[in-house]
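Novice: Structure below; questions to follow.
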Amino acid sequence: MPLVKTPKASFAQKLKRFFFVDLIKGMGLTLKYNLGAIIDKDAVAGKGIYTEQYPKVRPDVAPRFHGAPRLNMDPETHDTLCIACNLCAIACPEDCIDVIAMDVEIVVAGKPRRKKVLDEFIFDTSRCMFCALCQEACPTSCLELTQDFELATYSRAGFVWNREMLEQGRETVKYTS
Amino acid sequence: MLLLAPVDVLNDLLLRFFSDETVKYFIWPLIQIGLVVTLVALWVAYATYLERKISAFIQARLGPMRVGPWGLLQPIADGLKLLTKEDFIPEKADRWIFFFAPYIAVASAFIVFSVIPFGPDWAVIADVNIGLLLVLAVSSVGVLALILAGWSSNSKYALLGGLRSSAQMVSYEVAMGLSLIGALMFARTLSLSGIVGAQGSDSIWYILYQPAGFLMFLISGIAENNRAPFDLPEAESELVAGFHTEYSGMRWSLFFMAEYAAMVVVTAVATTVYLGGWYFPFVYRLEESGYHNLYVLVSVLVFLVKASIILYIYFWLRWTLPRFRYDQLMDIGWKWLIPSALINIVLSAFAVFVLQALNGWRGIQTIEGLDRGMNLTATGKGIMIAFGLAGLFITGVLLARINWRSRDFNLKTQRRNIRLVNVPKGKPARA
Amino acid sequence: MHQVEIATTQETLLDSPEMVLNMGPQHPSTHGVLRVVLRLDGETVIDLDCDIGYLHRGMEKIAENRMYTMIAPYWDRLDYIAAVSNGLVWVETVEQMMGLDVPPRAHYLRTILTELNRIASHLLWLATHALDIGAITVLLWALREREEILKIFERQFGARLTCHAWRVGGMPNDAYDDFHKDVKQFVNNFPKRIDEYETVLSENRIWLSRTVGIGVIAAEDAIAIGLSGPALRGSGVAWDVRKSRPYAAYADMDFDIPLGENGDTYDRYLVRLEEMRQSRRIVDQALENLPDGPVNAKLPKIVKPPVGDYYHSIEGPKGEIGCYIVSDGTAQPWRVRVRPPSFVNLQALRQMCIGHLVADVVAIIGTLDIVLGEIDR
Amino acid sequence: MLNFFIPILAFLFQEQSWLMRAADAAKRPDLSKFLVIGALLFIIGVAGVLTRRNIIVIFMSIELILNAANLNFIAFSRYLQDNGSANAVAGQLFAVFVIVVAAAEAAIGLGIVIALYRNKETIWVDEIDLLKW
Amino acid sequence: MVLSGYEALFFWIFALAAIFAALLTVMARNAVHSALFLISSLVSVAALFVLSGAEFIAGVQILVYVGGVMVLFLFVIMLVNVGAEEMGREEIFNKQKQVTASLIFCLLLVGGVLYAVSQGYPALQAAQTNKRTPEKMAADQAERDRSLAVGATGTSRITADTELVGGSLYRYASLPFEIASVLLLVAIIGSVMLARTLKQEVSADDVDPETLQEELALDPELAKLEPRVE
């Protein structure tokens, strides 16, 4: 074992080591924490204690959190905001978005015109890495990553979200006890 | 007097069905054993809860909170979970030994409780001649469980853990036994109740006479129980789980129980020998006023409180200190604890000699009597306490001198020689 | 990947002076899926071999099939403990290839957030290192402070671990409203916390005896192996990319480089602790001088760097993390190569471990601060 | 059939029969029983030493022999104590020394086993047949 | 000395246990099982010690044998793994002739010892000066017990036996005691020396130069082991 240089100890240092000051200081700190947690009346409520009692108390996630995807709808007409431009699918590094559009004939100013309308929107959350590139690519702020983070399902198929799920959102899981 | 009359009523009831001798020698001990085993098992279960809570509070966490109020039912839930888990036996394990090792561990830990004096009179199962020797002997059998478990699992980590633990426990047993001898010189008996009685009649705790012995006993006890900072046999960061790597479910929980029970044993012995056991000033007034059973109960309570304080030290140390390395552990055992225990024996013997000499030659009254341990007068006590403190210091200095060459654990300085340099920007530098 | 020869005959402990012990890939203290094959004499290590690749995901190959903007989230997965720094090296390399001018506010924010990430990474290192040596309480204390940083990350980037923090040309969002307050609060509280770790560890004789003189590597060897980061500075070499090739806003910052003397585990421990203090100092400075303005440069619709190759490196928490990109002028890189600090640092393991005990191997793996995601890529 | 056994049983359980005397003696084990147990242990130990090939088991058999001796020491010590001998605990003292010797013997013996195993790579006594190597 | 009542019952239980465990020790195929049976035999013998009033020796027996010596045995068994024996590939007993011869010898020994005991015991009883009936002896014993201090539970007496043993050990047997301690010291040092490998000796710079030269020819690796310097 190679040796390392250690400077010569001063008498005070030796004395400190002799009386185990180093260990006692550490022990004192842990004792302080322990007593603090016991004496502090608010300890259990969460002050000074950093535990999150997750299923019991849902944590507040930040407004910018990238969670479960959602397709936003116009709050008044309840029409989808999606214009089926496919930009999100292009921007996605993981290719987990499929935008299926259909052509509809509509009449604009008396002239019949063809317009691309969203038919189905497939979002594979099992492959998504929540990088939010799709959200940034969306020109109409339709596709949004929400703050819902409980995405577990019992089957692999459950990870593939269709348009209905994306628009309605999933039911938030409720935990008892 | 009427308080706790049921005990007497039960005694009368039993006497109606059985002969006097059967009741005295057979039925009451059985009842006591049942009570003690139940209580100790409960205490062990809640020691795990306490440990988890204490560690949580030290670490700014909450600990178990889900099962019952403040997680109070957690130990029971854990026990149920462990009971229902698969009892896995590796294919190439030695089945029989793998089966029996946990039982040896639990048995060796629980048998010791038969001689622990939890209190006066009926609060102790058996008061045997060789109480302290029996404690040491039976708890030394616990090593077998560990080494057999490690060997029979047929796994390298388990074997290494088993070998480590056997080496560790065998070496620390020596220090543990030797450190108790100083206190025995004052108690003059091996019976644990006798030791408590000696301290009670002298109205002193032997920790005052023997601070060095107490420290050594505590350290070697912690090492003997494989608890941090000496938890080498099951160091999870090195040996995965040591000797119980391959154990699961019930058998694993038996090992767990054995560990905690052994901890309670060490705390109980430390309390008995050094902290006066169930003796506490002024509690005997209860006996004088005739509340015998209440007196016993309060004594038991005193004992439990004292033991709990030492148990807290266990938890406290575990959650503060890092772990030793294997060679350092052996160093501490052989180069520090055993020599210091020997020095302590010599110093205590010298102190006793000085006391006797003062009593005999100089005519200073130091010894009151020798019937229940060594009863000292106030002068004698003062001299003894001074000797105890001096012993602590002398032991430390002597050991520091003996081991000054030892690189691992000497009085090394704090080394804080890192430099801070502010290198000019844009220029790779070599300092 | 090489195969490790393991004796197959049933040997007893005495038959062969050497015992082969497989540490990992499932072992609590190899920090992931690292497999270390130890050759032991009793408990002394006489030789060891690392077997890596259990976490290989083909990052560099994936990068060849993605557009420049899409690759950044993958880079977070290299060293997932220091996702912010990793993201920075990618976007800065692309920016330098494109010759983009990133606004100063973005530079300053990048400095603050990467330094916070450095603190977070060092805290996790401290936590696991202390855990390996057996001080469990420090683990949770350190994670508590890391939680504060991760909360800032979550508010700023929308994710805690793999943040996808940067975009080519700047940042996805400006700093959130309470950013200044949160960071300031952290900066003010943090020195007290480091003092607490030091109280428990720095002078503790058990900690000293477990770390002093363990895993010593001399400055010459460290340079020869190519170590970087605290592992190199612990041996006394003043090499820090933040100083030698300043990027982001580091040129405006005033900070010191801590240097060890003996190159042992304890020195590296002290160096990392001091680095946390210096990082805090940088964060403080950058926060004081945070300029106003936009956070994004003007960016073409499709990022298409000119033909050529480019190497850029930054000082990650683990060491110098570099990125080498060969562009053929299309929207996808032709070849990407990462210089992973953990991978290079791991190479010192053998030299450091030989002659030590098994327990020291654990401590040395801890002190190297490796992340397997980066080693296997 | 029963008629055949009854005389035999009657013979066996008559007042002063060999069996009854044995049963009576078994109810009150005295010194001789201790000595017999000790002798049996001793003989089992001797048989182990003579027949086993594994040197470690041979060592264990030696421990058995020493224990048999200890048992005799203790039994005689108790016997003397009951008969009011002057130095009644001499047997116990001897037992202490025997245990000490056994411990020393085990340490040295096992050291020899390890050294032997290193050189000869065997623990079978019939393969350790050289006087010098 | 006559045991009666529960004591007699326990005597037979432990005696039979000791003998069966001893038999199994000798006959077990696996050395670890052998050691375990030996441990049970030793514990049973310790119980017999307790029955004959030598608690101290019983405690020492368990402490030293079970806690120390047998752990050492297990240690060595695990070091020299006896796999072949376990698998039944190797014969555990010696060759037939030797086994037969030794068994015959043992039988003779059994006969001889039993004869000696049965002949010698009546003579011992006859030589007894103060002839007492077992009942009288038990009464005497009870009388003596009554003079002793009562244990905490009131069910046991704190005898002075251990004190007596200690006193004799340090007064009458102090020289043998010292010799025994020296013997132990020698045993410790001896076993340490015996178990050292050449490598360890070389690294401690503890080898005769000539021997070292010879060994170097066999194993050139040794030259690399520098004597360790503090």
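The values are calculated or read from the model by the stated rules, or taken from the named source; none is laboratory data. Owing to the predicted nature of the structure, the values given are computational and were not obtained by experimental measurement. Here the Cβ is made from the backbone with ideal geometry for all residues, glycine too, and neighbour counts use every protein chain on show. Side chains included, ligands, DNA and RNA excluded: accessible areas come from the protein's heavy atoms. Shrake-Rupley method; radii C 1.70, N 1.55, O 1.52, S 1.80 Å.
Novice: Out of region C:226-260, which residues are among the β-branched types (Val, Ile, Thr) and in a helix (DSSP H, G or I)?
Specialist: Going residue by residue through region C:226-260, those that are among the β-branched types (Val, Ile, Thr) are C:237, C:241, C:257.
Residue satisfying the conditions is C:VAL241 alone.
Novice: For C:ALA130, all conditions in the list (1) of a type outside the set (S, T, N, Q); (2) within 14 Å of chain B (Cβ to nearest Cβ); (3) free of Cβ contacts under 8 Å to residues at least 40 places away in the same chain hold save one; what is the number of the exception?
Specialist: (3)
Residues checked against (1) touching a Ser or Thr at 6+ places or on another chain (Cβ under 9 Å); (2) open to solvent by 60 Å² or more (accessible area, probe 1.4 Å):
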| site | (1), (2) |
| --- | --- |
| D:ASN67 | yes, no |
| D:ALA75 | yes, no |
| D:LEU80 | no, yes |
| D:LEU93 | yes, no |
| D:ASP126 | no, no |
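Novice: Kindly indicate whether B:ILE97 is open to solvent by less than 30 Å² (accessible area, probe 1.4 Å), in the same structural domain as B:TRP252 (by TED's automatic domain parsing) and not in a loop (DSSP other than H, G, I, E, B). Working first, answer last.
Specialist: Values: open to solvent by less than 30 Å² (accessible area, probe 1.4 Å): yes; in the same structural domain as B:TRP252 (by TED's automatic domain parsing): yes; not in a loop (DSSP other than H, G, I, E, B): yes.
Considered against the rule, which asks whether it is open to solvent by less than 30 Å² (accessible area, probe 1.4 Å), in the same structural domain as B:TRP252 (by TED's automatic domain parsing) and not in a loop (DSSP other than H, G, I, E, B), B:ILE97 comes out as yes.
Novice: Hey, among C:GLY226, C:GLY236, which residue is surrounded by fewer than 23 Cβ atoms within 10 Å (Cβ to Cβ) and modelled with pLDDT of 85 or more? Spell out how you get there, then give the answer.
Specialist: Working: C:GLY236 fails: modelled with pLDDT of 85 or more.
Result: C:GLY226 is the single residue among C:GLY226, C:GLY236 that is surrounded by fewer than 23 Cβ atoms within 10 Å (Cβ to Cβ) and modelled with pLDDT of 85 or more.
Novice: From the list E:ILE62, E:ILE92, E:ILE57, which one is modelled with pLDDT under 80, under 27 Å from the mean Cα position of the chain (by Cα) and not charged (D, E, K, R)?
Specialist: Working: E:ILE62 fails: modelled with pLDDT under 80; E:ILE57 fails: modelled with pLDDT under 80.
Among E:ILE62, E:ILE92, E:ILE57, only E:ILE92 is modelled with pLDDT under 80, under 27 Å from the mean Cα position of the chain (by Cα) and not charged (D, E, K, R).
Novice: Would you say E:ALA47 is at pLDDT 85 or above, touching a Ser or Thr at 6+ places or on another chain (Cβ under 9 Å) and either open to solvent by 20 Å² or more (accessible area, probe 1.4 Å) or on the phi < 0 side of the Ramachandran plot (or both)? Spell out the reasoning first.
Specialist: Details: at pLDDT 85 or above: yes; touching a Ser or Thr at 6+ places or on another chain (Cβ under 9 Å): no; either open to solvent by 20 Å² or more (accessible area, probe 1.4 Å) or on the phi < 0 side of the Ramachandran plot (or both): yes.
Considered against the rule, which asks whether it is at pLDDT 85 or above, touching a Ser or Thr at 6+ places or on another chain (Cβ under 9 Å) and either open to solvent by 20 Å² or more (accessible area, probe 1.4 Å) or on the phi < 0 side of the Ramachandran plot (or both), E:ALA47 comes out as no.
Novice: Just to be sure I understand, how many residues within region E:1-39 are in a helix (DSSP H, G or I) and open to solvent by less than 60 Å² (accessible area, probe 1.4 Å)? Give the derivation first.
Specialist: Initial filter on region E:1-39 (in a helix (DSSP H, G or I)): E:6-27, E:31-39.
The next check asks that each one be open to solvent by less than 60 Å² (accessible area, probe 1.4 Å); those that pass are E:8, E:11, E:15, E:17-19, E:21-22, E:25-26, E:31-36, E:38-39.
Total meeting the criteria: 18.
Novice: Mind checking whether some residue in region B:148-164 is of a type in the set (Lys, Arg), touching a residue at least 60 places away in the same chain (Cβ under 8 Å) and either assigned by TED's automatic domain parsing to the domain that holds B:VAL40 or assigned to a loop (DSSP other than H, G, I, E, B) (or both)? Before the answer, list the steps.
Specialist: Of the residues in region B:148-164, the ones of a type in the set (Lys, Arg) are B:156, B:164.
Of the ones still in play, those that are also touching a residue at least 60 places away in the same chain (Cβ under 8 Å) are B:164.
Retained after the next criterion (residues that are either assigned by TED's automatic domain parsing to the domain that holds B:VAL40 or assigned to a loop (DSSP other than H, G, I, E, B) (or both)): none.
There is no residue in region B:148-164 that is of a type in the set (Lys, Arg), touching a residue at least 60 places away in the same chain (Cβ under 8 Å) and either assigned by TED's automatic domain parsing to the domain that holds B:VAL40 or assigned to a loop (DSSP other than H, G, I, E, B) (or both).
Novice: Would a scan of region A:154-161 turn up a residue that is in contact with a helix residue (DSSP H, G or I) (Cβ under 8 Å, 6 or more places away or on another chain), among the hydroxyl-bearing types (Ser, Thr, Tyr) and more than 19 Å from A:LEU81 (Cβ to Cβ)? Lay out the reasoning, then the answer.
Specialist: As a first pass, look at region A:154-161 and keep what is in contact with a helix residue (DSSP H, G or I) (Cβ under 8 Å, 6 or more places away or on another chain): none.
No: region A:154-161 contains no residue that is in contact with a helix residue (DSSP H, G or I) (Cβ under 8 Å, 6 or more places away or on another chain), among the hydroxyl-bearing types (Ser, Thr, Tyr) and more than 19 Å from A:LEU81 (Cβ to Cβ).
Novice: Looking only at region C:171-208, count every residue that is open to solvent by less than 10 Å² (accessible area, probe 1.4 Å), part of a helix (DSSP H, G or I) and either more than 11 Å from chain A (Cβ to nearest Cβ) or charged (D, E, K, R) (or both) and tell me the total.
Specialist: First, pick out the residues of region C:171-208 that are open to solvent by less than 10 Å² (accessible area, probe 1.4 Å): C:171, C:179, C:183, C:187, C:190, C:194, C:197, C:200-202, C:204, C:206-208.
Of the ones still in play, those that are also part of a helix (DSSP H, G or I) are C:179, C:183, C:187, C:190, C:194, C:197, C:200, C:206-208.
Filter once more, so that each one left must be either more than 11 Å from chain A (Cβ to nearest Cβ) or charged (D, E, K, R) (or both): C:179, C:183, C:187, C:190, C:194.
Counting residues in region C:171-208 that are open to solvent by less than 10 Å² (accessible area, probe 1.4 Å), part of a helix (DSSP H, G or I) and either more than 11 Å from chain A (Cβ to nearest Cβ) or charged (D, E, K, R) (or both) gives 5.
Novice: What residue, of B:LEU180, B:LEU148, B:LEU184, is at pLDDT 85 or above, surrounded by fewer than 24 Cβ atoms within 10 Å (Cβ to Cβ) and either within 20 Å of the chain's Cα centre (by Cα) or under 27 Å from B:PRO102 (Cα atoms) (or both)?
Specialist: Details: B:LEU180 fails: surrounded by fewer than 24 Cβ atoms within 10 Å (Cβ to Cβ); B:LEU148 fails: surrounded by fewer than 24 Cβ atoms within 10 Å (Cβ to Cβ).
When all the criteria are applied, what remains is B:LEU184.
Novice: Do the conditions hold for B:TRP361, that is, is it modelled with pLDDT under 80 and either crowded, with 18+ Cβ neighbours inside 10 Å or assigned to a helix (DSSP H, G or I) (or both)?
Specialist: On the way: modelled with pLDDT under 80: yes; either crowded, with 18+ Cβ neighbours inside 10 Å or assigned to a helix (DSSP H, G or I) (or both): yes.
Here the answer is yes, as B:TRP361 does meet what is asked.
Novice: Among the candidates B:ALA41, B:ALA47, B:ALA60, B:ALA105, which residue alone is assigned to a helix (DSSP H, G or I) and in contact with a Gly (Cβ under 8 Å, 6 or more places away or on another chain)? Spell out the reasoning first.
Specialist: Values: B:ALA41 fails: in contact with a Gly (Cβ under 8 Å, 6 or more places away or on another chain); B:ALA47 fails: in contact with a Gly (Cβ under 8 Å, 6 or more places away or on another chain); B:ALA60 fails: assigned to a helix (DSSP H, G or I).
Checking each option against the conditions leaves just B:ALA105.
Novice: Can I ask one more? Kindly establish whether B:SER55 is part of a helix (DSSP H, G or I) and under 22 Å from B:LEU192 (Cα atoms).
Specialist: Numbers: part of a helix (DSSP H, G or I): yes; under 22 Å from B:LEU192 (Cα atoms): no.
Considered against the rule, which asks whether it is part of a helix (DSSP H, G or I) and under 22 Å from B:LEU192 (Cα atoms), B:SER55 comes out as no.
Novice: Also, quick follow-up: Inside region C:210-221, can you point out the residues that are buried (at least 24 other Cβ atoms within 10 Å of the Cβ) and within 12 Å of chain B (Cβ to nearest Cβ)?
Specialist: Matches in region C:210-221: C:ARG210, C:THR211, C:ILE214.
Novice: Looking only at region E:42-71, count every residue that is within 7 Å of another protein chain (Cβ to nearest Cβ), closer than 25 Å to E:LEU9 by Cα and part of a helix (DSSP H, G or I) and tell me the total.
Specialist: 12
Novice: While we're on this one: Do we find a residue being free of Cβ contacts under 8 Å to residues at least 60 places away in the same chain and not basic (Lys, Arg) anywhere in region C:102-118?
Specialist: Pass one, region C:102-118, residues free of Cβ contacts under 8 Å to residues at least 60 places away in the same chain: C:113.
Next cut, not basic (Lys, Arg) only: C:113.
Checking region C:102-118: at least one residue is free of Cβ contacts under 8 Å to residues at least 60 places away in the same chain and not basic (Lys, Arg).
Novice: If you don't mind, there's one more thing I want to ask. Given the criteria open to solvent by 10 Å² or more (accessible area, probe 1.4 Å), in a helix (DSSP H, G or I) and either among the acidic types (Asp, Glu) or under 23 Å from B:TYR103 (Cα atoms) (or both), does B:MET257 qualify?
Specialist: Details: open to solvent by 10 Å² or more (accessible area, probe 1.4 Å): yes; in a helix (DSSP H, G or I): yes; either among the acidic types (Asp, Glu) or under 23 Å from B:TYR103 (Cα atoms) (or both): yes.
In short, yes.
Novice: Still on this structure, please answer the following. Among the residues of region B:122-142, which ones are within 8 Å of another protein chain (Cβ to nearest Cβ), in contact with an Asp or Glu (Cβ under 8 Å, 6 or more places away or on another chain) and within 25 Å of B:ALA241 (Cβ to Cβ)?
Specialist: B:SER140
Novice: So, one more: Are any of the residues in region B:225-240 small (Gly, Ala, Ser) and under 12 Å from the mean Cα position of the chain (by Cα)? Reasoning before the result, please.
Specialist: Initially, region B:225-240 is screened for residues small (Gly, Ala, Ser), giving B:228, B:235, B:237.
Filter again for under 12 Å from the mean Cα position of the chain (by Cα), leaving none.
Within region B:225-240, none of the residues are small (Gly, Ala, Ser) and under 12 Å from the mean Cα position of the chain (by Cα).
Novice: Follow-up question, since we're still on this one. Would you mention how many residues in region E:13-27 are within 7 Å of another protein chain (Cβ to nearest Cβ) and under 13 Å from D:LEU71 (Cβ atoms)? Write out each step before concluding.
Specialist: Kept after step one, since they are within 7 Å of another protein chain (Cβ to nearest Cβ), are these residues of region E:13-27: E:15, E:18-19, E:22-23, E:25-26.
Next, only the ones that are under 13 Å from D:LEU71 (Cβ atoms) stay: E:15, E:18-19, E:22.
Qualifying residue count for the region: 4.
Novice: On to the next question. Any residue in region D:87-107 that is within 18 Å of E:VAL43 (Cβ to Cβ) sitting within a Cβ distance under 8 Å of a residue that is open to solvent by less than 20 Å² (accessible area, probe 1.4 Å) and outside any helix (DSSP H, G or I)? List the pairs, counting only those 6 or more apart or interchain.
Specialist: D:ALA95/E:ALA54
Novice: Quick check on my filter: what residues within region E:93-108 are more than 7 Å from chain D (Cβ to nearest Cβ) and of a type in the set (A, V, I, L, M)?
Specialist: E:ALA101, E:ILE104, E:LEU107, E:LEU108
Novice: C:PHE255 passes all but one of (1) closer than 17 Å to C:GLY316 by Cβ; (2) surrounded by fewer than 24 Cβ atoms within 10 Å (Cβ to Cβ); (3) of a type outside the set (Ser, Thr, Tyr); (4) within 18 Å of the chain's Cα centre (by Cα); which number fails?
Specialist: Unmet condition: (4).
Novice: Scanning for something over 30 Å from B:GLY142 (Cα atoms) and more than 14 Å from chain A (Cβ to nearest Cβ), does region B:70-88 turn up at least one residue?
Specialist: Taking every residue of region B:70-88 in turn, none turns out to be over 30 Å from B:GLY142 (Cα atoms) and more than 14 Å from chain A (Cβ to nearest Cβ).
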